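Input: a single structure, listed below in structure tokens.
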Amino acid sequence: QSRTLGEALERLGAAVSSETGMRADVRVAGDPVPLGGSAEVVILRTAQEALSNVRRHASAARVDLTLAYDDPHAVVLTVHDDGLGFDPDGTRAGFGLDGVQARAAEVGGQVEVLSGPGSGTTLRLVVPR
């Protein structure tokens, strides 16, 4: 039985909330459209990796996931936490972002990470549609 990407992200957020006590809010903006398997897998894996990083590194109280379909040319996944943040230009051994960027590139997407010490972290994945 096929599940929508939004439902998969909801389940991911619920699991993080129940396992960590961190508040995870998942929002889908715009009208969902099918993207094709590989693009949806990239979005889901990116969300999983981002949440894994939040759990391991951020000491966050909450994380917000937004899957936005409002752009006619792209789908945007944003994962934002209110945790410790980090210097994105510093070393990030084992951070998994390189894998995220490589997967995004395979479907013509781009990943941007915005963070700073003490200011939380935002990961933004843009996948063309």
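Averaged over its residues, the chain has an accessible area of 53 Å² per residue, based on protein heavy atoms and a 1.4 Å probe.
When the Cα positions of GLY99, SER38, SER17 are compared along the charge dipole of the chain, SER17 comes out farthest toward the positive end, with charges on each C-beta of Lys, Arg, Asp and Glu. Work out the FRET efficiency for ASP31 and LEU114 from their Cβ-Cβ distance, taking R0 = 30 Å, and round it to the nearest 0.05. With a Förster radius of 30 Å, E is 0.65. What angle, in degrees between 0 and 90 and rounded to the nearest 10, separates the Cα long axis of helix 97-106 from the longest principal axis of the Cα atoms of the chain? Once rounded, the angle reads 20 degrees. Across the protein chains, with a 1.4 Å probe defining accessible surface, the residues ASP70, ASP89, ASP81 rank ASP89, ASP70, ASP81 from largest area downward.
With an a/c value of 1.5 or above and a/b not larger than b/c for the gyration tensor axes a ≥ b ≥ c computed over the alpha-carbon atoms, the chain is described as oblate.
The fraction of accessible area contributed by carbon and sulfur in the chain is 50 percent, rounded to a whole number (1.4 Å probe; ligands and nucleic acids excluded).
How large is the dipole of the chain about the Cα centre if only Lys and Arg carry +1 and Asp and Glu carry -1, each at its Cβ, rounded to the nearest 20 debye?
That gives a dipole near 280 debye.
When the chain is described by a simple charge dipole with +1 on each Lys and Arg Cβ and -1 on each Asp and Glu Cβ, the residue from PHE86, VAL26, SER59 located farthest towards its positive end is SER59.
For LEU84 and ARG129, a Förster radius of 25 Å and the Cβ-Cβ distance give a FRET efficiency of 0.15, rounded to the nearest 0.05.
For the chain, what proportion of DSSP beta bridges, expressed in % and rounded to the nearest 5, is antiparallel?
The antiparallel fraction comes to roughly 75 percent.
The values are calculated or read from the model by the stated rules, or taken from the named source; none is laboratory data. This one's a predicted model, so the numbers in the text were calculated from it and none came from an experiment. Cβ coordinates were reconstructed from backbone atoms using ideal geometry, including for glycine residues, and neighbour counts include every protein chain displayed. With ligands, DNA and RNA removed, areas are computed over all heavy atoms of the protein, side chains included. Shrake-Rupley method; radii C 1.70, N 1.55, O 1.52, S 1.80 Å.
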